[in-house]
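Working notes, beginning with the structure itself.
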Amino acid sequence: MNLETRCPILQFAALGDERGQLVVIEGGRNIPFDIKRVFYIYGSDSTVVRGNHANRNSEFVLINVAGESKVRITDGNEEMAVNLNQPMIGVYIPKMIWKDMYDFSSDSVLLVLTNTHYDEKEYIRDFDQYLTEVHAKE
Ligand code: TYD
């Protein structure tokens, strides 16, 4: 399966009226997993690159609920970049995808949803190790 199909852009409904907008996230409904952990990244800027890892077990959805950033993802074969620049746009990142987040606006709040509790052991932080594990599965 190609990378764009594996990592779909999720377009959430903005339930807007004259009072403002509201976006609803429901595990197993408009997010393709049960949500076990939520974290958010802020205070980064355009000089910072975060991520630089893949996860053996965790799936993610990334949403810039304020400001904007970009995420570059690869499966070891293809690469693509996603602009996270609207609060109703997300990207789904399955396990064993290498990711870098960068180009944070100073007001960026990047919300991350995942299906696991934190476990440093499931992180792959070395790109060559990642390629070895990915290609071993092929
Ligand atoms: P890190 O993985 O470097 O963040 P990023 O993916 O944005 O590059 O995590 C930064 C620190 O926070 C690191 O010491 C691990 C810790 N951390 C947790 O304790 N729990 C978590 O759920 C996450 C995502 C990170």
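Heavy atoms only, probe 1.4 Å: what % of the accessible area of the chain goes to carbon and sulfur, would you let me know? Let's see the in-between values first.
Values: 3720 of 7770 Å².
Exposed carbon and sulfur together represent 48 percent of the surface.
By per-residue mean of other Cβ atoms within 10 Å, what is the highest-first order of 23-34, 73-84, 50-61? Write out the running numbers ahead of the final one.
Numbers: 23-34: 13.2, 73-84: 16.6, 50-61: 18.4.
Order by mean packing, descending: 50-61, 73-84, 23-34.
Any aspartates and glutamates with Cα under 15 Å of the LYS137 Cα? List them, leaving off those in the same chain fewer than 8 positions away.
Within the straight-line cut-off, LYS137 pairs with ASP75, ASP128.
Looking at the range 7-74, what % of the alpha carbon pairs are farther apart than 18 Å? Kindly include the intermediate steps, with their values, before the conclusion.
On the way: 1165 of 2278 pairs.
Counting every Cα pair in the range 7-74, those more than 18 Å apart make up 51 percent.
Rounded to the nearest 500, what is the 222 nm mean residue ellipticity of the chain from helices alone, with -39500 (n - 2.57) per DSSP H run of 4+ residues and division by all residues?
Details: 2 runs with 15 residues, N = 138.
Calculated at 222 nm, the ellipticity per residue is -3000 deg cm²/dmol.
Ratio to report: Rg/Rh of the range 3-136, with Cα atoms as the point set and Rh obtained by the Kirkwood method; give two decimals. Let's see the in-between values first.
Numbers: Rg = 14.8 Å, Rh = 15.3 Å.
Taking Rh as the inverse mean 1/r over Cα pairs, Rg/Rh reads 0.97.
Can you spot the lysines whose alpha carbon is less than 23 Å from LYS36's alpha carbon? Ignore those fewer than 8 places along the same chain.
LYS95, LYS99, LYS121
For MET101, MET88, what's the largest-to-smallest order of accessible area, 1.4 Å probe? Write down the numbers at each step before the final one.
Numbers: MET101 15, MET88 40 Å².
Output order, biggest surface exposure first: MET88, MET101.
Please calculate how many Å² of accessible area the chain carries per residue, with a 1.4 Å probe and no DNA, RNA or ligand atoms counted. If you can, show how the numbers build up before the last one.
Working: 7770 Å² over 138 residues.
Each residue of the chain exposes 56 Å² on average to a 1.4 Å probe.
Compare the Cα positions of VAL49, TYR102, PHE60 along the charge dipole of the range 3-136 (+1 at Cβ of Lys, Arg; -1 at Cβ of Asp, Glu; about the Cα centre) and return the one farthest towards the positive end.
Of the options given, the answer is PHE60.
Calculate, in nm to one decimal, what PHE39 and ASP17 gain on full extension: separation in residues at 0.36 nm each, minus their alpha carbon distance.
Details: separation 22, 0.36 × 22 = 7.92 nm, distance 2.79 nm.
Gain on extension, PHE39 to ASP17, equals 5.1 nm.
The values are calculated or read from the model by the stated rules, or taken from the named source; none is laboratory data. Because the structure is predicted, anything quoted here is derived from the model rather than measured. Cβ atoms come from the backbone with ideal geometry, glycine included; neighbour counts cover every protein chain shown. Please note that ligands, DNA and RNA were not included when accessible areas were found on the heavy atoms of the full protein model with its side chains. Shrake-Rupley method; radii C 1.70, N 1.55, O 1.52, S 1.80 Å.
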